[in-house]
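The values are calculated or read from the model by the stated rules, or taken from the named source; none is laboratory data. Predicted model, so just to flag it, every value in this text is computed and none were measured. Cβ placement follows ideal geometry from the backbone for every residue including glycine, while neighbour counts extend to all protein chains displayed.
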Amino acid sequence: MILARARAAGAPRLRPEREPRPDVAAPLPGEEPRRLGLTHAAWKAAAIGLAVALVLPRFPFAHFLLTPLSTLLHEIGHAACGWLFGHPSLPAFDFAGGGGLTTHGERSNLILLAWAAAAGGAAWVWPGWPRRVAIGAFAMWALLIWRGWDEWLTVAGGHLFEVVFGAVFLYRGLTGWGSRSPLERPLSCFVGFFLLFNVVTFGSGLVGSAAQRAIYQQGKAGIDHDLVTLSNYTWLRVQTLASGLVSLALAAIPLTFFAATRHHDALQALGFDEDDS
């Protein structure tokens, strides 16, 4: 017994092994590593989409095939703004004069009531900042109609929705939102970059070329083009409006990248899981 105690006293004490300190920069189990808030797959999709968007439209036949997409989304923008402010609207291609043409009907109070009910329902269901956004959007919507500013916003809706759709496609490619195939992400980034670059090219042409501006100001079939109509509404020059459009399209790219880094937080705020995207 004494010998056993002596051995126990002379033996070195074994300390329990410490668990290694977790690396705060390491991703969580099952999570992809991120750089500047985006995954490797997101950066890869953006790089492929950007390269294709810079090269493919330079080929005349490819540009001819891609232009109707921009035209369709432009006219959908006019129609969406028309419906938003109570006017039944129908977008279409203008096969006679080229481009597109959207027809608007008389304002319907039933459509206005439906939008007001939708805003109230969103404010009731969503807590926190989504509720504040819904209330603020409804107040702005009502102000635009009351002041009569919805008319010029409907005119601007075509170019604005080109930018919005470009940002949505880019966001979808960066986040994988709604994607079911790995090919969809670079394809979405390509479409997003193409739409935004197309707006930049259009606006830059009006700013830098007097000849192109003169042709644009002639209108089509007796109808003024959008920026000419907006110039009459706002008393701003076409060049100024075109410059603003270019700035908006360029600003949409970094803003979309930033929004993509907050994708998970936005889903949680709206009550969705990552798998729901």
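See the values below:
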{"read-out": "In segment 129-164, the residues that are of a type outside the set (A, V, I, L, M) and within 19 Å of ALA79 (Cβ to Cβ)", "value": "TRP141, TRP149, ASP150, GLU151, TRP152, THR154, GLY157, GLY158, HIS159, PHE161, GLU162"}
{"read-out": "Test: residue in segment 176-183 that is outside any helix (DSSP H, G or I), buried (at least 16 other Cβ atoms within 10 Å of the Cβ) and hydrophobic (A, V, I, L, M, F, W, C)", "value": "yes"}
{"read-out": "Residue list for segment 80-98, filter: in contact (Cβ under 8 Å) with a residue 60 or more places away in the chain, within 25 Å of GLY222 (Cα to Cα) and either in a helix (DSSP H, G or I) or within 23 Å of the chain's Cα centre (by Cα) (or both)", "value": "ALA80, CYS81, GLY82"}
{"read-out": "Among the candidates TYR216, TYR233, residue that is over 23 Å from GLY166 (Cβ atoms), in a helix (DSSP H, G or I) and over 21 Å from the mean Cα position of the chain (by Cα)", "value": "TYR233"}
{"read-out": "Any hit, segment 16-37, residues being modelled with pLDDT of 50 or more and either in contact with a Leu (Cβ under 7 Å, 6 or more places away or on another chain) or surrounded by 15 or more Cβ atoms within 10 Å (Cβ to Cβ) (or both)", "value": "no"}
{"read-out": "Filter result for LEU241 (under 18 Å from HIS74 (Cβ atoms), surrounded by 15 or more Cβ atoms within 10 Å (Cβ to Cβ) and in contact with a Ser or Thr (Cβ under 9 Å, 6 or more places away or on another chain))", "value": "yes"}
{"read-out": "Pairs, first closer than 14 Å to GLY148 by Cβ in segment 227-239, second in a helix (DSSP H, G or I) and among the charged types (D, E, K, R), C-beta under 9 Å, six or more apart", "value": "TYR233/GLU151"}
{"read-out": "Residue identified as under 27 Å from ALA62 (Cβ atoms), exposed (fewer than 12 other Cβ atoms within 10 Å of the Cβ) and modelled with pLDDT of 90 or more among GLY203, GLY208, GLY192", "value": "GLY208"}
{"read-out": "Filter pass, ILE145 being in contact (Cβ under 8 Å) with a residue 12 or more places away in the chain, in a helix (DSSP H, G or I), more than 30 Å from ASN198 (Cα to Cα) and in contact with a Phe, Trp or Tyr (Cβ under 9 Å, 6 or more places away or on another chain)", "value": "yes"}
